[in-house]
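What follows is a single structure, written as structure tokens, with notes after it.
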Amino acid sequence: MRIRLATPEDLNAITKVEAICFPQAEAATKESFRRRLEVFPNHFWLLEDKGRIVSIVNGMATDLEVLQDEMFEDASMHDENGAWQMIFGAETVPEYRRQGCMERLLKHVIEEVRSQGRKGLVLTCKERMVPYYEKFGFVNEGKSESTHGRAIWFDMRLSF
């Protein structure tokens, strides 16, 4: 397995993984991914197994301290020098789950973000995932104001 940054050539595969991992109301569209890859390709990490994308972590950098729903669709909110790395999606295809794939990718992303001198990472997750992110050092800041996909989310922050 290898970790690499996404390229525009990965667009179809990324869109397919997203559709498998998230309900339609929460999943990013192909056009949204196209824009993210244009604007912040250095913040779009992939874990591959024999050339197949099995895990994805992506999101923008910003000085805003809270992940806002508008960020999911408005890639222009990205600030390459932003203090915080937002995580929009952290997903693994079902047949690779519970094998350490996301752990490996997320640890890589955390170290990369730390080496970039940012303040930390921010994400939102469903309640059942709170303990998973806590094991990486993320702190649960409570129920999010996000209404993305009409789901209930929790704000999580990992500060360096």
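Length gained on full extension, Ser115 to Glu26: 29.0 nm, using 0.36 nm per residue less the C-alpha separation. Dipole of region 27-160 computed with +1 at Lys/Arg Cβ and -1 at Asp/Glu Cβ about the Cα centre; of Asn58, Thr92, His78, farthest Cα towards the positive end is Thr92. Here r is the Cβ-Cβ distance between Ala83 and Lys16 and R0 is 35 Å; the resulting FRET efficiency, rounded to 0.05, is 0.60.
You can think of it this way: the chain between Asp49 and Tyr132 has 27.6 nm of extra reach, that is 0.36 nm per residue less the Cα-Cα gap. Under a 5 Å amide H cut-off, with hydrogens placed 1.01 Å from N, Ala90 pairs with nothing among residues at least 5 apart or on other chains. Given +1 at the Cβ of Lys and Arg, -1 at the Cβ of Asp and Glu and no other charges, the dipole of the chain around its Cα centre is 680 debye to the nearest 20. Close amide-amide hydrogen proximity is noted between Asp79 and Ala61, Thr62, each under 5 Å apart and 5 or more residues distant or on a separate chain (H modeled in the peptide plane; Pro and chain starts excluded). Comparing Gly51, Gly82, Gly142 in a Gaussian network model of the chain (Cα springs below 10 Å), the most mobile by mean-square fluctuation is Gly51. Which number comes out as Rg/Rh for region 47-137 once both Rg and the Kirkwood Rh are worked out on C-alpha atoms? Here Rg/Rh amounts to 0.97. The string of couplings for region 148-160 from the Karplus curve (6.51, -1.76, 1.60, θ = phi - 60°) is 3, x, 6, 10, 9, 10, 10, 7, 10, 9, 10, 9, 8 Hz, one whole number per residue in order, with x for Gly and Pro. Pairs of Cα atoms nearer than 8 Å and 6+ residues apart set the relative contact order; for the chain it is 20 percent. Helices assigned as whole DSSP H runs in the chain whose Cα atoms extend at least 20 Å along their own long axis and whose mean Kyte-Doolittle hydropathy is -1.0 or higher are found at 101-115. Shape descriptor for the chain: Rg over Rh equals 0.92 (Cα atoms; Rh from the Kirkwood inverse mean 1/r). Residues considered: Arg150, Arg114, Arg97. Largest GNM mean-square fluctuation over the chain, using C-alpha springs under 10 Å, is found at Arg150. Taken along the Cα-to-beta-carbon direction at a fixed 7 Å, the label points for Glu70 and Thr7 span 3.4 nm. In the chain, helices alone account for a calculated mean residue ellipticity at 222 nm of -8000 deg cm²/dmol, with every DSSP H run of four or more residues adding -39,500 (n - 2.57). For region 1-67, the Stokes-Einstein estimate of translational diffusion at 4 °C and a viscosity of 1.567 mPa s comes to 104 µm²/s, using the Kirkwood hydrodynamic radius over alpha-carbon pairs.
A short reminder: the numbers here are calculations on the coordinates, not readings from a lab. A quick note: this is a predicted structure, and the numbers were derived from the prediction, not measured. All Cβ positions, even for glycine, are placed from backbone atoms using ideal geometry, and neighbour counts span all protein chains on display.
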